[in-house]
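The next block holds one structure in the form of structure tokens; read it before the comments.
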Amino acid sequence: MNAPIRKIAAVMSAIVASGGLTACVRSFDPAMDDGLPITPRVQVLVDANRAYPAWADFPRVTEPLPEPVVIAAQVNTLKVTGGALAGEASRIDWQTTGDPETFAAEVQARVDSVPVAPVTAETLAEIDDFVRRARERGRAPPPVDRSR
């Protein structure tokens, strides 16, 4: 055989694709089951709405489209404001330098320094209890002994 493998693969893929497309044709022409009592009503509805939607059903554009110069000015405004926003974001101290454990300890110390109301402490205890009970309910049951 003198044909390169690419040509053979292209011909085979074309054959497979055309076979796949012909298999899909039947799905676009579904057959109705004449034994059902609703079949005539469905067929009437399908026939009545077969041409919908038509271009006349879509609303017409009444306002004129913006000029290309206006669109270009809006795009340039977006580019400038995007650049300004990128500049502001680059000036933020994101605290990426330093030790994360030290930062976490500082945040925990700030949180601990704020007094907690007794009602809030009770609520946290209730939440912890609920979480504990939910985890207990979420455990899988023991396996079923199928040897009997």
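The values are calculated or read from the model by the stated rules, or taken from the named source; none is laboratory data. All figures in this text were calculated on a predicted structure; none of them were measured in a lab. Using ideal geometry, Cβ is built from the backbone for each residue, glycine included, and neighbour counts are taken over all protein chains shown. Keep in mind that these areas ignore ligands, DNA and RNA; they rest on the heavy atoms of the full protein, side chains included. Shrake-Rupley method; radii C 1.70, N 1.55, O 1.52, S 1.80 Å.
For this structure, a couple of remarks:
- Heavy-atom accessible area for ASP128, with the other protein chains in place and a 1.4 Å probe, reaches approximately 100 Å².
- Taking the 1.4 Å solvent-accessible surface of the chain as the whole, the part contributed by carbon and sulfur is 64%.
- In this structure the chain gives 97 Å² per residue of accessible area when probed at 1.4 Å with all protein chains present.
- Relative to the current alpha-carbon distance between VAL144 and ILE8, full extension at 0.36 nm per residue lengthens the span by 43.3 nm.
- Computed from the Cβ-Cβ distance with R0 of 35 Å, the FRET efficiency linking ALA89 to TRP55 stands at 0.15.
- Relative to the longest principal axis of the Cα atoms of the chain, the long axis of helix 68-90 lies at roughly 30 degrees.
- A 1.4 Å probe, protein heavy atoms only, puts the accessible area of SER90 near 90 Å².
- All-pairs Cα distance distribution in the range 95-148, expressed in whole percent, bin size 10 Å: 18, 22, 24, 20, 9, 7, 1
- Taking all C-alpha pairs of the chain, those more than 27 Å from each other amount to 78 percent.
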